[in-house]
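First the structure, in the form of structure tokens, and then the observations on it.
The values are calculated or read from the model by the stated rules, or taken from the named source; none is laboratory data. Please read all numbers here as calculations on a predicted model, not as lab measurements. Cβ sites come from the backbone with ideal geometry, for glycine too, and all protein chains shown count toward neighbours. These area figures cover heavy atoms from the full protein model, side chains too; ligands, DNA and RNA do not enter into them. Shrake-Rupley method; radii C 1.70, N 1.55, O 1.52, S 1.80 Å.
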Amino acid sequence: MTKKFNDTILRAYNGEKTSHTPAWFMRQAGRSQKEYREIKKKYSLFEITHQPELCAYVTRLPVEQYGIDAAILYKDIMTPLPAMGVDVEIKSGIGPVIDNPIRTVQDVEALGELNPEEDIDYVLDTIKLLTEEQLSVPLIGFSGAPFTLASYMIEGGPSKNYAKTKALMYSEPKTWYTLMNKLAEMIIVYVRAQIKAGVRAIQIFDSWVGALNVADYRTYIKPTMEHIFTELRKDNVPLIIFGIGAKHLLLEWNDLPVDVIGLDWRTNILEAREIGVTKVLQGNLDPAILLADWETIESRTKLILDEGMADGRHVFNLGHGVTPDITQDTLGKLAHLVRTYSKR
Ligand SMILES: Cc1c2[nH]c(c1CCC(=O)O)Cc1[nH]c(c(CCC(=O)O)c1C)Cc1[nH]c(c(CCC(=O)O)c1C)Cc1[nH]c(c(C)c1CCC(=O)O)C2
């Protein structure tokens, strides 16, 4: 490694004071980058992730281009599912599509286990390449959470209302809990393997769990999340939870043994504090603002940084992923603004 290792984000995740507000952007590696679009002309997402050198390049690129404080491993929340027997394909502009969705208790029982060293050795090789040789910032690993993964596995693809998922949950609770437990065990093994290979923080994406009300979250989801995070806590890396439209669940998340809560753009930082959230916060510029004029981007970003600095425990991010129409120029300027404006 040539450059000095920048561990600012790890210190911020641990609640320590830092010399600037560290930043990364969800979906920073992807179609907003012209280099990535070129690679995508030849290879699918799964084909890229199966080639550690190429996958490491895609992961590294936004860090080098924008000067941000963390890399997030390029892969998808669907990556571990084929090993469990799920036939998943990622269709451009649609998202994950699954040919054999779960319909019955037998389908749940037939799900296999993940053996990381065999099934996703290419992911572990990419992590080692990045963390042992290439990166001078921490690499963030991740997994989808049980509800969000189950929603794809049951619906067979993206969904607006999660009707089939909820139907299974409400009408066949035993099957539901079997599915949650199987996914929880997979996630624990999967995340541990990523940590062992070298990632320094973990984000658990429960993107769609905001579709549940608080009572159902407590009944059908929270015990599984408690189990996952209690186990992962033993591995001593910062744990982040994130979801969309989940303001009503923030206090439930705050109860979990996590270090950081990721906010989408609907809830601002001081509001989250007023509700009673005590964890380090990550977020939360609406990615759509990055399509507006620079003055708007600048003023909205400063507002978020001011709130974060007033509170003291904040990592800058977007409120959801970078969309393909956001330019690399804008992301570079945003990273520079965050770093210079938050310098203390
Ligand atoms: C729900 C979810 C998925 N995947 C993910 C989530 C949770 C985060 C969220 O709420 O968005 C997580 C994810 N997916 C991807 C990453 C890589 C790391 C990063 O840069 O953030 C991460 C962290 C790569 C990807 N995953 C996907 C792409 C686009 C693939 C392409 O380039 O065509 C990337 C870069 C595909 C994907 N995969 C998924 C969707 C909804 C899509 C988008 C479909 C589309 O817009 O084409 C499922």
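Can you give me the distance in nm between label points at Ala310 and Ile275, each placed 7 Å from the Cα along the Cα-to-Cβ direction?
Inter-label distance under the simple model: 1.8 nm.
Any idea what the relative contact order of the chain is, in percent, if you count C-alpha pairs under 8 Å spaced at least 6 apart?
Rounded, it is 22 percent for the chain.
Can you find, among Trp294, Tyr217, Ala150, the residue sitting farthest towards the positive end of the charge dipole of the chain, where Lys and Arg contribute +1 and Asp and Glu -1 at Cβ?
Result: Trp294, furthest along the dipole toward the positive end.
Roughly what angle does helix 146-155 make with the longest principal axis of the chain, taking Cα atoms, 0 to 90 degrees, to the nearest 10?
In the chain, helix 146-155 runs at an angle near 60 degrees to the longest axis.
Label-point separation (nm) for Asn14 and Glu298, each offset 7 Å from Cα along Cα-to-Cβ?
Output for this residue pair reads 3.6 nm.
Could you tell me which of Val105, Met84, Thr126 has its Cα farthest along the dipole of region 76-144 towards the positive end, charges placed at Cβ (Lys, Arg +1; Asp, Glu -1), taken about the Cα centre?
Sorting the options by dipole projection puts first Val105.
May I ask for the angle, rounded to the nearest 10°, between helix 222-233 and the longest principal axis of the chain, with both axes built from Cα atoms and the value confined to 0 to 90°?
Between helix and principal axis, roughly 60 degrees.
Would you mind working out the magnitude of the charge dipole of region 193-344 relative to its Cα centre, with +1 at each Lys and Arg C-beta and -1 at each Asp and Glu C-beta, to the nearest 20 Debye?
540 debye
Using the Karplus equation 6.51 cos²θ - 1.76 cosθ + 1.60 (θ = phi - 60°), what ³J(HN,Hα) coupling, rounded to whole Hz, does each residue of region 44-49 give in order, writing x for Gly and Pro?
These are the phi-based 3J(HN,Hα) values: 7, 4, 5, 5, 5, 5 Hz.
Could you give me the ³J(HN,Hα) list for region 28-38, computed from phi with Karplus coefficients 6.51, -1.76, 1.60 and θ = phi - 60°, whole Hz, x at Gly and Pro?
5, 9, x, 5, 6, 9, 5, 4, 5, 4, 5
Hey, can you grab everything whose amide H is under 5 Å from the amide H of Phe205? Only 5+ residues off in sequence or another chain; H modelled, so Pro and N-termini drop out.
Result for Phe205 returns Ser143, Gly144, Ala145.
Please list, in chain and number order, the residues 5+ apart from Gly112 or on another chain whose amide H is under 5 Å from its amide H, with Hs placed from the backbone.
Under 5 Å from the amide H of Gly112: Gly85.
Step through the residues of region 192-200 one at a time and calculate ³J(HN,Hα) from phi using the Karplus curve (6.51 cos²θ - 1.76 cosθ + 1.60, θ = phi - 60°), rounding each to whole Hz and writing x for Gly and Pro.
Per residue, the Karplus-derived 3J(HN,Hα) values read 4, 5, 5, 5, 4, 6, x, 5, 10 Hz.
Can you give the FRET efficiency for Ile94 and Gln51, using 1/(1 + (r/R0)^6), R0 = 25 Å, r = Cβ-Cβ distance, to the nearest 0.05?
Rounded to the nearest 0.05, the efficiency is 0.60.
Which FRET efficiency value, to the nearest 0.05, is calculated for Glu35 and His336 with the Förster distance at 25 angstrom and r the Cβ-Cβ distance?
Efficiency at R0 = 25 Å is approximately 0.80.
So if I place +1 on the C-beta of Lys and Arg and -1 on the C-beta of Asp and Glu, and nothing else carries charge, what would the dipole magnitude of region 8-341 be about its Cα centre? I want it in debye, nearest 20.
440 debye
Taking square-rooted eigenvalues a ≥ b ≥ c of the alpha carbon gyration tensor, is region 151-280 rounded, prolate or oblate, where a/c under 1.5 means rounded and, failing that, a/b exceeding b/c means prolate?
Oblate, since a/c reaches 1.5 and b/c is not below a/b.
Straight-line reach only, C-alpha to C-alpha below 12 angstrom: list the aspartates and glutamates that Lys34 could link to, leaving out same-chain residues fewer than 8 apart.
Asp325, Asp329
Considering only Thr126, Thr104, Thr224, give the residue with the highest GNM mean-square fluctuation for the chain, with springs between Cα atoms whenever their separation is below 10 Å.
Of Thr126, Thr104, Thr224, the most mobile in the Gaussian network model is Thr104.
So how much slack lies between Lys234 and Ser171, counting 0.36 nm per residue of separation and subtracting their Cα-Cα distance, in nm?
Between Lys234 and Ser171, full extension yields an extra 19.2 nm.
So how much slack lies between Asp255 and Ser136, counting 0.36 nm per residue of separation and subtracting their Cα-Cα distance, in nm?
Contour length minus Cα-Cα distance gives 39.5 nm.
Cross-link partners among lysines for Lys234, C-alpha distance below 26 Å, same-chain residues fewer than 8 apart left out?
Hits, sequence-local ones excluded: Lys17, Lys75, Lys128, Lys182, Lys196, Lys222, Lys279.
Roughly how compact is the chain, stated as its Cα Rg over 2.2 N^0.38 Å to two decimals?
After normalising by residue count via 2.2 N^0.38 Å, the value is 0.95.
If ligands, DNA and RNA are left out, what is the accessible area of Met84 with a 1.4 Å probe, given in Å² to the nearest 10?
Accessible surface of Met84 is approximately 10 Å².
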